Amino acid sequence: MRLEAKREGKFPGAGVPLSAAGGGLRGRVGRTPERWFEVVDPDAPPAEPRRWSWPSFVFAALLCVAAVGLTAVGKGLAMRVLLPLPLMGAGGLLLRRMAWMARPELLARKLARKGEAPRAGRRGLRLGGGRLSYQGREGTSPSLLLDAEVPFGVTLLSSPRRDRVVALLSSPLGAFYVGAVFDAATQRAFAPMLGRTTIVAADEVGLAAIGPDGEPLFLAPESLAALVEALMAMAPGCQDRVLLTDARGAPVGLEGREMRAGGRSFDLDTALEWRAFVFQEALGQAVALYQGTWVRQGSSEIVLVCLLPALTPRPEGEGVPLSSLDREALRDLRLMQGRPEAPPAQAQRVAVDRLVMLPIRSALDRAPRSGVPTPRAQA
């Protein structure tokens with residue numbers, strides 16, 4: 001029995017060419033300026049700071065000195081005010097531009113906010129007109145990832161050190177992962193966004209984001225933050241939405257305060273029961289390890305199931321002591337744990353992507369709990 005849900009192309013039309021997709025939003029969204037987010041190589045060495053251009057620096061300094069001199073010795077309003085002002089402004093702008101060029105990370109952050117124009121032959125994401133599309137290598141057709149006319153979700157996942165982050169983009173068009181690698185400086189700069197991520201086990205290969213063409217899909221940290229901010233502005237509720245399907249093709253995920261799985265709906269504002277556990281099953285001569293999340297509300301009872309990524313998801317495996325984890329990370333670590341139990345009944349199982357198991361448990365953890373726990377059904 002295959003229990004691992006597919007990640008790519010869960011719905012018909014996933015990654016379809018733009019020419020075959022339906023129309024985008026009209027009106028306000030259609031008039032928003034187009035933005036480009038270029039794919040980068042996360043393993044590439046950092047860019048060397050550019051050296052100052054001394055002729056430009058000398059010229060800027062001369063402009064400033066001339067402006068000060070005219071202010072001191074000039075005669076009349078024009079010589080003492082009107083002429084020095086543009087000279088001082090030109091010198092200041094030139095010095096500011098030189099400072100940006102000497103700090104590549106600041107320049108990249110500025111370009112990410114403005115939306116850098118795509119360069120020939122480069123891969124990237126294009127956001128405009130209420131659509132997010134992926135442009136592969138030269139000669140390939142762009143693929144539609146998100147359309148504002150269709151509900152979509154943005155789920156942020158990270159490693160325990162929060163140095164690797166992926167944004168799970170889910171919608172009826174499919175599920176796609178966009179990643180970024182954060183160093184110490186960018187972790188400090190984007191701490192508010194990183195604080196909203198859900199940590200996953202250290203060995204999750206899903207953190208290596210792959211595009212629709214099978215190539216790595218990583219952005220610069222500044223670009224990923226700008227993309228997430230733009231998507232949240234386009235659909236304010238997207239961070240509380242996960243739209244996937246199970247192995248049978250039935251919808252599974254979160255829609256605000258509602259969880260849908262196995263053809264059932266669970267109100268997360270109403271009391272329910274849930275429990276995390278692990279179990280094993282024989283597959284021929286091998287033994288497969290699974291993690292499960294049992295949920296019951298009223299007469300509805302299901303068990304979300306996926307492969308277990310690690311026997312003990314310990315952040316120490318990545319050199320992260322527990323004392324260094326923040327409150328949210330410790331909560332996620334607690335939600336990863338589960339006691340060994342007997343395998344659940346086959347009829348109750350709903351296969352989900354293991355990367356979304358923890359976000360679902362986090363949503364369940366915030367729901368009110370029933371007062372008297374009852375045992376789940378056994379296989």
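If I stretch the segment between Gln285 and Thr270 completely, what's the gain in nm (0.36 nm per residue apart, minus their alpha carbon distance), one decimal?
Extending this stretch completely gives an extra 1.0 nm.
Sorting Asp326, Asp41, Asp147, Asp240 on the 10 Å Cβ count, fewest up front, what's the list?
Asp41, Asp326, Asp240, Asp147
When a/c is below 1.5 the answer is rounded, else prolate if a/b is larger than b/c, else oblate, so apply that to the stretch 247-365 with a ≥ b ≥ c taken from the square roots of the Cα gyration tensor eigenvalues.
oblate
Taking other Cβ within 10 Å of each residue's Cβ, how do Cys306, Cys238 sort, fewest first?
By the 10 Å Cβ count, ascending, the order reads Cys306, Cys238.
Quick one: work out the % antiparallel among DSSP beta bridges in the stretch 247-365, nearest 5.
85
When Glu341, Glu138, Glu34 are ordered from fewest to most other Cβ atoms inside 10 Å of their Cβ, what list results?
Fewest-to-most Cβ neighbours within 10 Å comes out as Glu138, Glu34, Glu341.
Since every read-out is calculated from the coordinates, none of them should be taken as a lab result. Values in this document were obtained by computation on a predicted structure and should not be read as measured data. All Cβ positions, glycine included, derive from the backbone under ideal geometry; neighbour counts span all protein chains shown.
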